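The values are calculated or read from the model by the stated rules, or taken from the named source; none is laboratory data. Everything numeric here is computed off the predicted structure, so don't read it as measured data. Ideal geometry is used to build each Cβ from the backbone, glycine not excepted, and the neighbour counts take in all protein chains shown. Surface areas here come from the heavy atoms of the whole protein model, side chains and all, with no ligands, DNA or RNA. Shrake-Rupley method; radii C 1.70, N 1.55, O 1.52, S 1.80 Å.
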Amino acid sequence: MPKRDFLTLTDLSLAEATRVLAIARTLKAEPKGARTGLLAGRSLAVVLEKASTRTRVSFEVGAAQLGMHPVVIGTQGSQLGRGEPIKDTARVLARYCDAIVFRTSATERLREMATAAVPVVNALSDDGHPVQVLCDVLTVEEQLGAGIAGKRIAFVGDCSSNMARSWLEAAPMFGFHLVLAGPSSYGPPPGELARAGAHVTRVEDPAHAADRCDVVNTDVWTSMGQEAEGQERTEAFSGWRVEDRMMSRAKPGAIVLHCLPAHRGEEIDEGTIEGPRSRVWDQAENRLHVQKALLVWLLGAADRVR
Ligand code: CP
Ligand code: NVA
């Protein structure tokens, strides 16, 4: 069997993603130590070229709960920071480890890491954050008590961001309707918008961002690597904060998601992130369960989870 990577959501078929989510539900329902034999003796490299709290800890802890030995390396302190080519790093890591999780900037860097002989998982790049959105699909299904297909989900804010673009990729795959709500000058690449077809609507008026939505999701206005544009972005996104007035247009049972870290008072207000609609802490927890399931699936152990 050739190795499989998870660089974008559509690296999995819908059937495969559905299986990963089912494994995640099983693992989540079990005691933490129940599966330490599943991937025993295997190792996971987690390579971070950008800051991380959730991704780092959930992969590291999740790997250990499956019996794996996780190794986390950053740019600082590794030879990557001193210019060692990614393709050389990839070849060497694959001699030691059974899978590589990689957080980076440009997609070219991710693709170069994916030349490794072992599965490579995109743990965020400039163009997408697919593990986050795969985890978020589980959160939506758990919290709304049904499949995600047919739901109306808004992403509010920077619709050119990695998060918005992974939501855009997810919409036709999982069959929900995505409302991409944000200023016109911060939209996704036109080709990606076109690929989502009738599964996406662009909204450029904040008063209608959350209209009739089941889920309202947001993210920072300034992503990692865009710090120099911070002031300009704060001005461009003013008026797009997720708060009560916006949420009053959503469905009565609508929930709020945020991949975190959040900037209270910018893209979301304190009352909303701490309020009754917020599911952000359950969302963060699901990083652990779904990523464990993804590792199990990528490493060929899915048949051992029933
Ligand atoms: N949401 C997310 O990926 O968080 P971290 O940047 O903390 O990993
Ligand atoms: N869009 C954010 C997501 C952080 C998890 C960023 O790239 O910084």
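Descriptive notes on the structure:
- Qualifying lysines (Cα of each under 18 Å from Cα of Lys251; at least 8 residues distant if same chain): Lys151
- Relative packing of peptides 34-47, 70-83 - highest average C-beta neighbours within 10 Å first: 34-47, 70-83
- Set of lysines with alpha-carbon distance to Lys28 below 22 Å, sequence-local pairs under 8 removed: Lys292
- Residue-wise HN-Hα coupling along region 208-221, computed from phi with Karplus coefficients 6.51, -1.76, 1.60 (Hz; x: Gly, Pro): 10, 4, 9, 3, 6, 8, 8, 9, 10, 10, 9, 7, 4, 7
- Size of charge dipole - the chain - debye, nearest 20, with Cβ of Lys, Arg +1 and Asp, Glu -1, no other charges: 1220 debye
- The alpha-carbon of Lys50 sits under 21 angstrom from the alpha-carbons of these lysines, leaving out residues fewer than 8 places away in its chain: Lys87.
- Distances between placed amide hydrogens fall under 5 Å for Val200 paired with Leu178, all partners being 5 or more residues away or on another chain.
- Amide H contacts under 5 Å for Val121: Phe6, Ile100, Val101, Phe102, restricted to partners 5 or more places along the chain or on a different chain, H placed in the peptide plane at 1.01 Å from N.
- Using 0.36 nm per residue and subtracting the Cα-Cα separation, the extra length available between Val57 and His69 on full extension is 3.0 nm.
- Taking all protein chains into account, the per residue accessible area for the chain stands at 41 Å² (1.4 Å probe).
- Sequence-distant residues sharing a close amide H with Val72 (under 5 Å, placed H): Val46
- Percent accessible area from carbon and sulfur atoms, region 204-306, protein chains only, probe 1.4 Å: 47 percent
- For region 145-197 and region 51-116, distance of Cα centres in Å: 28 Å
- Relative contact order [Cα under 8 Å, 6+ residues apart], the chain, whole percent: 20 percent
- Comparing Trp240, His208, Ala301 along the charge dipole axis of region 187-306, the residue lying farthest to the positive side is Ala301, per the Cβ-charge model.
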